[in-house]
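Taking it in order: structure first as structure tokens, then the write-up.
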Amino acid sequence: MTRIVMATSILGSVLLSLALMAGCGAGNIVASGPLVGKLFPTVTGTSLMDEQVTLPKEFEGGVAIYMIGYVQQTQFDIDRWTIGLLQVGPEASIVEIPTISGLVPTFMSGWIDDGMRSGIPKEDWPSVITLYGNGAGVVASLTGTENPQNARVLVVDGNGVIRWFWDQGFSAKRLLELNSIVDQCQ
């Protein structure tokens, strides 16, 4: 019985990894361009609470920090940003946005979301909004997919305008810069 559970777990991990790799589209690397001043595109995702969320409308009237990830390895960078953000305490909503494009991951979205739920405390589920399919592709085209292990961190104002963007990995200096931009958006 234990071998069956272990084999199922290993198979699940392999399938999740393949789905995430297929979703990233390793052959379709997109460079990011200047984003500050652009509107964040309207996309709909699903929170880990299984509620549909439309960005940027969900945070209309307030400032939001989006931490976007394209591959599982991005989680390390997102975790560093999260710890830093919780320490500086910006007056903004903090949202983690796993972004998984491709047909196979879209069909497996329930299974992928269940896997994420198992590793994230329930209190954080509302702030994790997964984008699949076309919405994921739109965001990937906007923010670029070079160095996918780095999170894409954006400050989006209450009108949906991108006020700050960083995709070079966590930096304490950039964290302070982000916090200053959030203050300016108030």
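Quote to one decimal, in nm, the extra length available between Gln186 and Asn159 on full extension: 0.36 nm per residue of separation minus the C-alpha distance between them.
8.5 nm
For the stretch 138-148, in order, what is each residue's ³J(HN,Hα) by Karplus, 6.51 cos²θ - 1.76 cosθ + 1.60 with θ = phi - 60°, in whole Hz (x at glycine and Pro)?
For the stretch 138-148, the Karplus-derived couplings read 4, 5, 4, 5, 6, 8, x, 10, 5, 6, x Hz, x marking Gly and Pro.
Using R₀ = 35 Å, calculate the FRET efficiency as 1/(1 + (r/R₀)^6) where r is the Cβ-Cβ separation of Phe76 and Asn28; round to 0.05.
Values: r = 23 Å, r/R0 = 0.66.
Approximately 0.95, to the nearest 0.05.
List every residue whose amide H lies under 5 Å from the amide H of Trp164, counting only residues 5 or more places away in sequence or on a different chain, with H placed 1.01 Å from N in the peptide plane.
Val155
Calculated FRET efficiency, Lys122 and Glu60, Cβ-Cβ r, R0 25 Å, to nearest 0.05?
The calculated FRET efficiency here is 0.45.
Per the Kirkwood definition applied to all pairs of different Cα atoms, how many angstroms is the hydrodynamic radius of the stretch 131-180? Don't jump to the answer; show the numbers that get you there.
Details: mean 1/r = 0.0829 Å⁻¹.
Taking every pair of different Cα atoms in the stretch 131-180, averaging 1/r and inverting gives 12.1 Å.
Quick note: the coordinates plus some simple rules give every number you see, no bench work behind them. Remember, it's a predicted structure, so these values are computed and weren't measured experimentally. Because the Cβ atoms are built from the backbone with ideal geometry, glycine has one as well, and the counts that use them run over all protein chains shown.
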